[in-house]
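A.B. asks: Sharing a structure below in structure tokens format, with a few things to ask.
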Amino acid sequence: MKHLQRFRLFLPIISVLWLLAFLFAFGCSGENQEAPAAGTQTESPSEGPSSGDSPSQGASSGDKPITITLAGASDVGDLNPHLSSAAAYAQDFLYDGLVTSSSGKIIPALAESWEVSEDGKELVFHLRKGVKFSDGSDFNANDVKRNFDAVLSHREDYNWMGLVNSLDAYEVVDGETFKITLKEPYYAALLELSTGRPFRFLAQAGFLDDGTSVNGIKAPIGTGKWKLYEHVDGEYVTFSRNEHYWGDPPKLDGFTIRVIPKGETAVASLKAGEVDMIYDSFESELMNIGNFETFVQDPNYVTFVSGPMFTRLMTLNTTRTPLDDIRVRQAIALALDRQALVENVFG
């Protein structure tokens, strides 16, 4: 019997589903297939891989690799960490930030600690020691500066970020220390540094010869849990475990995302065992609720419903009258019935 696990993520306000169905490679006889040895990148074949065609890197000697194949509605894009031309979730596979966030808290990532000055204008980051990029090169404060330089060379693309507008200067203190200076205190600076882009870090070998990334990159080389194994635009992408990853390694050896834009085709592929999981982002809907309920009722499938994964923000344009008056903004904040919003809008 094939065991599949399914995730459904309901996003408030708009009826959006992220639908995932895992075929457990653990303990299922005959489900894991042999796969080619991994490399950072390989030549792209003319056809996409079948279920099980994925890197074997990380599997212990004599063991079959633990891999899964997903159906996704769209391609992951160019995997440039500094632009919005790539899928955000795929950027998160490959690249880390100085910090990250979890359950509303800022937690260490490539920076293991940091200090904020009393006036709130200086942030000093102490980088994690021994971190390497997926190509084996060392990560240090010069890499942080190089990536800041690349992002801020086209800062107009990110002038909606308070951090970008507040940034006055940044510098390498030493190989393991990086300093940011702000024009004025900005309470969300750490939060914006934790976002999936643009302040994620590409290895020197990934930049174009002129040191920029705005017009593309040579290769998506990051410090994240995964590295790119193979990519055929519009067909599939395969990721393998990054053996140089600084944190706890993934349990999977690799996974492939096949581009299947039509829901009927994705469901048929799942039932036929051609894919092990259906992944859907909020831009599209690969599976309707009726199909999902069918899997819920099927004893061959194990289903799971997750909680919401998005935060909704209501922002005010403080450059326009009357919102430029802090008293008006305070009045709006006081007038909002937050509990009513939670219950009646977000469900």
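The values are calculated or read from the model by the stated rules, or taken from the named source; none is laboratory data. Treat the numbers as computed from the prediction; the structure is a model and nothing was measured. Backbone-built Cβ (ideal geometry, glycine too); neighbour counts: all protein chains shown. To get the accessible areas, we keep the full protein, side chains included, count just its heavy atoms, and leave off ligands, DNA and RNA. Shrake-Rupley method; radii C 1.70, N 1.55, O 1.52, S 1.80 Å.
A.B. asks: Is one or more of the residues making up region 218-234 touching a Leu at 6+ places or on another chain (Cβ under 8 Å) and free of Cβ contacts under 8 Å to residues at least 60 places away in the same chain?
C.D. replies: Narrowing region 218-234 to residues touching a Leu at 6+ places or on another chain (Cβ under 8 Å): 218-224, 226-228, 231.
If we keep only those that are free of Cβ contacts under 8 Å to residues at least 60 places away in the same chain as well, we get 218.
There is at least one residue in region 218-234 that is touching a Leu at 6+ places or on another chain (Cβ under 8 Å) and free of Cβ contacts under 8 Å to residues at least 60 places away in the same chain.
A.B. asks: Residue under question is F201, and the condition is that it be under 21 Å from K218 (Cβ atoms), touching a residue at least 40 places away in the same chain (Cβ under 8 Å) and aromatic (F, W, Y); does it hold?
C.D. replies: So F201 passes the test.
A.B. asks: Also, I was wondering about something else. Within region 98-119, can one find any residue that is in contact with a helix residue (DSSP H, G or I) (Cβ under 7 Å, 6 or more places away or on another chain) and under 27 Å from N215 (Cβ atoms)? Give the derivation first.
C.D. replies: From region 98-119, those in contact with a helix residue (DSSP H, G or I) (Cβ under 7 Å, 6 or more places away or on another chain) are 98-99, 101, 106; that's our starting set.
Of the ones still in play, those that are also under 27 Å from N215 (Cβ atoms) are 98.
Checking region 98-119: at least one residue is in contact with a helix residue (DSSP H, G or I) (Cβ under 7 Å, 6 or more places away or on another chain) and under 27 Å from N215 (Cβ atoms).
A.B. asks: If you take the residues in region 58-87 that are open to solvent by 50 Å² or more (accessible area, probe 1.4 Å) and not polar (S, T, N, Q), which one is modelled with the highest pLDDT? Break it down stepwise before answering.
C.D. replies: Going through region 58-87, the residues open to solvent by 50 Å² or more (accessible area, probe 1.4 Å) turn out to be 60-64, 74, 78, 84-85.
Now narrow it down to the ones that are not polar (S, T, N, Q): 62-64, 78.
Working: G62: 51, D63: 67, K64: 71, D78: 95.
It comes out as D78.
A.B. asks: Taking the condition surrounded by fewer than 21 Cβ atoms within 10 Å (Cβ to Cβ), in contact with a Leu (Cβ under 6 Å, 6 or more places away or on another chain) and at pLDDT 95 or above, does K183 pass? Quick ask: steps written out before the conclusion?
C.D. replies: Details: surrounded by fewer than 21 Cβ atoms within 10 Å (Cβ to Cβ): yes; in contact with a Leu (Cβ under 6 Å, 6 or more places away or on another chain): no; at pLDDT 95 or above: yes.
Answer is no for this residue.
A.B. asks: Out of L334, L323, L316, I need the residue that is within 26 Å of G196 (Cβ to Cβ) and aliphatic (A, V, I, L, M). Which one? Break it down stepwise before answering.
C.D. replies: On the way: L334 fails: within 26 Å of G196 (Cβ to Cβ); L323 fails: within 26 Å of G196 (Cβ to Cβ).
Among L334, L323, L316, only L316 is within 26 Å of G196 (Cβ to Cβ) and aliphatic (A, V, I, L, M).
A.B. asks: Additional query: If the Cβ limit is 6 Å and pairs must be 6+ apart or interchain, which residue in region 139-157 that is farther than 17 Å from L208 by Cβ pairs with which residue that is assigned to a helix (DSSP H, G or I) and open to solvent by less than 50 Å² (accessible area, probe 1.4 Å)?
C.D. replies: So the pair list comes out as R155/V164.
A.B. asks: Are there any pairs with C-beta distances below 9 angstrom linking a residue in region 171-194 that is polar (S, T, N, Q) to a residue that is open to solvent by 40 Å² or more (accessible area, probe 1.4 Å) and in a loop (DSSP other than H, G, I, E, B), with the two at least 6 apart or on different chains, and if so which?
C.D. replies: T181/K121
A.B. asks: Now a separate question. Among residues belonging to region 154-173 that are of a type outside the set (A, V, I, L, M, F, W, C) and open to solvent by 70 Å² or more (accessible area, probe 1.4 Å), point out the one that is modelled with the lowest pLDDT. Quick ask: steps written out before the conclusion?
C.D. replies: Residues of region 154-173 of a type outside the set (A, V, I, L, M, F, W, C): 154-159, 162, 165-166, 168, 170-171.
Checking which are open to solvent by 70 Å² or more (accessible area, probe 1.4 Å) leaves us with 155-157, 159, 165, 168, 171.
Values: R155: 89, E156: 91, D157: 91, N159: 86, N165: 93, D168: 97, E171: 98.
Here the answer is N159.
A.B. asks: Could you tell me whether F133 is aromatic (F, W, Y) and within 13 Å of the chain's Cα centre (by Cα)?
C.D. replies: Values: aromatic (F, W, Y): yes; within 13 Å of the chain's Cα centre (by Cα): no.
No.
A.B. asks: Output the residues belonging to region 169-187 that are of a type in the set (K, R) and not in a loop (DSSP other than H, G, I, E, B). Give the steps one after another, and end with the answer.
C.D. replies: In the first step, residues of region 169-187 are kept if they are of a type in the set (K, R); the result is 179, 183.
Once the filter is applied, which keeps residues that are of a type in the set (K, R) and not in a loop (DSSP other than H, G, I, E, B), region 169-187 yields only K179.
A.B. asks: Within region 170-228, take every residue that is over 30 Å from T315 (Cβ atoms) and among the charged types (D, E, K, R) and give me the one that is nearest to the chain's Cα centre (by Cα).
C.D. replies: Checked region 170-228; the qualifying residue nearest to the chain's Cα centre (by Cα) is K225.
A.B. asks: Restricting to region 272-321, name every residue that is among the hydroxyl-bearing types (S, T, Y), modelled with pLDDT of 70 or more, part of a loop (DSSP other than H, G, I, E, B) and surrounded by 11 or more Cβ atoms within 10 Å (Cβ to Cβ).
C.D. replies: Matches in region 272-321: Y279, T318.
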